[in-house]
1. Return Ser274, Ser76 ranked ascending by Cβ neighbour count within 10 Å, so the fewest neighbours appear first.
2. Counting DSSP beta bridges in the chain, what percent are antiparallel, to the nearest 5?
3. If R0 is 41 Å, what FRET efficiency do you get for Leu255 and Asp2 from their C-beta distance, rounded to 0.05?
4. Quick one: if you stick a label point 7 Å off each Cα along the C-beta vector at Met279 and Arg317, how many nm between them?
5. Arrange Asp190, Asp14 by Cβ neighbour counts within 10 Å, fewest through most, would you?
6. Please report, in whole Å³, the volume per residue of the convex hull around the C-alpha atoms of the chain.
7. Run the paramagnetic zone check for Asp14: 7 angstrom along Cα to Cβ, then residues of segment 35-64 with backbone nitrogen under 15 Å.
8. Towards the positive end of the charge dipole of the chain, with charges on Cβ (+1 Lys, Arg; -1 Asp, Glu), say which of Ile253, Val180, Thr134 has the farthest Cα.
Amino acid sequence: MDQEFQAFVAEQQDDKVERGLQTLRPDQLPEGDVLVKVAYSSVNYKDALATIPKGQVARVSPLVPGIDLAGDVVESGSAELSEGQEVIVHGYDLGVAHHGGFAEYARVPAEWVIPLPEGLSKKQAMALGTAGYTAALSVHLLEQQRGLSAGDGPVLVTGATGGVGSTAVGILAARGYEVVASSGKEAEHDYLRELGAAEILSRDETSAESDRPIERARWAAAIDPVGGATLAYILRTLRPGGAVASSGNTGGIALTTTVLPFILRGVALLGADSVNTPMELRRHVWQHLAGDMRPNGLDESIAREVELGGLEEVLERILEGGVRGRTVVNVAG
Ligand SMILES: NC(=O)c1ccc[n+]([C@@H]2O[C@H](COP(=O)([O-])OP(=O)(O)OC[C@H]3O[C@@H](n4cnc5c(N)ncnc54)[C@H](OP(=O)(O)O)[C@@H]3O)[C@@H](O)[C@H]2O)c1
């Protein structure tokens, strides 16, 4: 491959980050055994952090952000991957220390590449993307490590209109769980009901501070991409034996809690990390996303689409918590 291609590039300059479309040459791509023609990427909260001065996410400059992508292999130095194969790449250094999905081509190490599971198109894979994968990983951890099942009682999903939140609501509801969604967006209650939420709580309620170490036990489990005071609330209100999968920090990184939920109710705090999930588990979770973890709304309401030229506006809005669901980037245009 020797042709030039379009990329959205973020470049640190003094105390600001310049971002916009540029034309790149293949020799400007990083090392890797697999060259992928990118069809779709998606916008995750972390992508926005990678393009702002104090985001503490980008580790190289200039950087092509985009922490996930789906596309076709055009060159492969790996016996496991063949030309023309449809693949997904996400996590590891992609879009943070290694050029990512916001470009027409990406070159990556073969160890980062997952064959697109049967049953998902490239566009659907990115409608799910890192956020959907993280939601599915969270469900997997709760079910496999804590034995959670649909009859156990209400499961709380926080930041419910966000990427992780919406896909978590859709996955749990499709699996028969009673889902209670918490959101700061009153105007999106219909959207959350459409995805399968049975009840909706306000963000104020689920991020309230309290001097009480435990409160009325309500949740069999929770999926929490918000963190901060919200995670503290969840720990105080999990039922005995309940568990929360914690994946994010849009509500802050500090966690102020006590040991009492752990020692009086035997609750568990599970960490969900999409970046370094071992490859076997990663493939396994994607297989489930293509099958029994396919969320409600995947083809209808979860994602909207932009092209590379529309990224700027979405990256601004996601940092303000203003984006609903997922945004797929149609890189090929
Ligand atoms: N561990 C991992 O591997 C992993 C993977 C993916 C994402 N994450 C993290 O998970 C978090 C969510 O990612 P995302 O892609 O889903 O982001 P997103 O689409 O922007 O969704 C975040 C949601 O959080 C809620 N929110 C925003 N600001 C808030 C605040 N100040 N207090 C409480 N809630 C707030 C909003 O939902 P409502 O308006 O509905 O309340 C917002 O839509 C981020 O911190 C991200 O870095 C981690």
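1. Working: Ser274 25, Ser76 19.
Lowest to highest Cβ neighbour count: Ser76, Ser274.
2. Working: 34 of 58 bridges.
Approximately 60 percent, going by the DSSP bridge assignments.
3. 0.20
4. About 3.8 nm, to one decimal.
5. Lowest count first: Asp14, Asp190.
6. Measuring per residue, one finds 123 Å³ for the Cα hull of the chain.
7. Only 53 pass the distance filter.
8. The one lying farthest along the dipole's positive direction is Val180.
All of the numbers you see were taken from the coordinates with simple rules; none came from a lab. Fair warning: this is a prediction, and the values are worked out from it, not measured in the lab. All Cβ positions, even for glycine, are placed from backbone atoms using ideal geometry, and neighbour counts span all protein chains on display.
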